[in-house]
Amino acid sequence: GCGSQAPSDAVRASDLGAAFPDRWPEAVRTGEHVAFVPTAADDDLWIVHDGAGPPTRVPVGRDPVLTDGPQSVAVDEARGLVYVLLGTPGAVAGGHQHGAGTRPGWVRKLSMRDLRPLGETRVDPTPGDMALSADGETLVTTEFDLHALSAAGGDDARRSRISVVSTRAMSLTAPLEPERLLVCAAPRGVAIAADGRTAFVACYGEDALAIVDLGGTGVPVVRVPLGSSPAI
């Protein structure tokens, strides 16, 4: 490996011919209805088929060493796309803890047919959940940061952000300015209204539902208290 003389059985580029084919096995058959189940602890996405046969297990993590499995999944059936939200849980004694990670999260766009990657973008650490707009143009992800709950400095110091992703460019761009917005303490679940202009965010850390304008109009976040003891 360090000498100037190549071994006699060395493979030359000219011997290889065409580039090695990048083939992905088909995971979903044409016209088949399936369910996608994320398994964050195993870096896998399970496909449950509507016909006979066992589920199909497909690895979707980015890192071959660390666990960065899917926290959530969203499907754009009309365009044949699957989006997975990948996150690395924080390490604790005896296992791991969600909401305590420090490495960036990622949204990956996959082909529904064979789950090959088509694009990706980085989002905040400790991703919690994501939602896809009805037109398939926008993804909203939450940052489920449990460390921030103990931060000093008032409510905003304890609050975390959502990220808004353009699915065409797979980047954090408009319609929201800024593309990351501080919403509430430990935002977890998220849903987008049918018109794509409003996100509803479940706030684990302050017992509230945050209503977020996605139209870029500068309307402040509205937090509606929920439960009989919203301060707990």
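The values are calculated or read from the model by the stated rules, or taken from the named source; none is laboratory data. Just so you know, these numbers come straight off a predicted model, no measurement behind them. Cβ sites come from the backbone with ideal geometry, for glycine too, and all protein chains shown count toward neighbours. The accessibility values were calculated without ligands, DNA or RNA, using every heavy atom of the protein model including side chains. Shrake-Rupley method; radii C 1.70, N 1.55, O 1.52, S 1.80 Å.
Total residues in region 134-166 satisfying the condition of being polar (S, T, N, Q), open to solvent by 10 Å² or more (accessible area, probe 1.4 Å) and closer than 12 Å to I192 by Cβ: the figure is 1.
Scanning region 174-205 for residues that are modelled with pLDDT of 90 or more, open to solvent by 30 Å² or more (accessible area, probe 1.4 Å) and closer than 23 Å to H147 by Cβ returns R188, A202, Y204. Inside region 123-150, residues that are more than 12 Å from P187 (Cβ to Cβ) and acidic (D, E) make up a count of 2. If you check L214 against the conditions, is it at pLDDT below 90, among the hydrophobic types (A, V, I, L, M, F, W, C) and crowded, with 17+ Cβ neighbours inside 10 Å? Yes. E120 falls short on exactly one of the conditions (1) open to solvent by 20 Å² or more (accessible area, probe 1.4 Å); (2) touching an Asp or Glu at 6+ places or on another chain (Cβ under 8 Å), and that condition is (2). Scan region 11-28 and tell me whether some residue there is at pLDDT 90 or above, open to solvent by less than 70 Å² (accessible area, probe 1.4 Å) and in contact with an Asp or Glu (Cβ under 7 Å, 6 or more places away or on another chain). No: region 11-28 contains no residue that is at pLDDT 90 or above, open to solvent by less than 70 Å² (accessible area, probe 1.4 Å) and in contact with an Asp or Glu (Cβ under 7 Å, 6 or more places away or on another chain).
When region 42-77 is limited to residues that are over 19 Å from A27 (Cα atoms) and free of Cβ contacts under 8 Å to residues at least 40 places away in the same chain, the one that is least open to solvent (accessible area, probe 1.4 Å) turns out to be D68.
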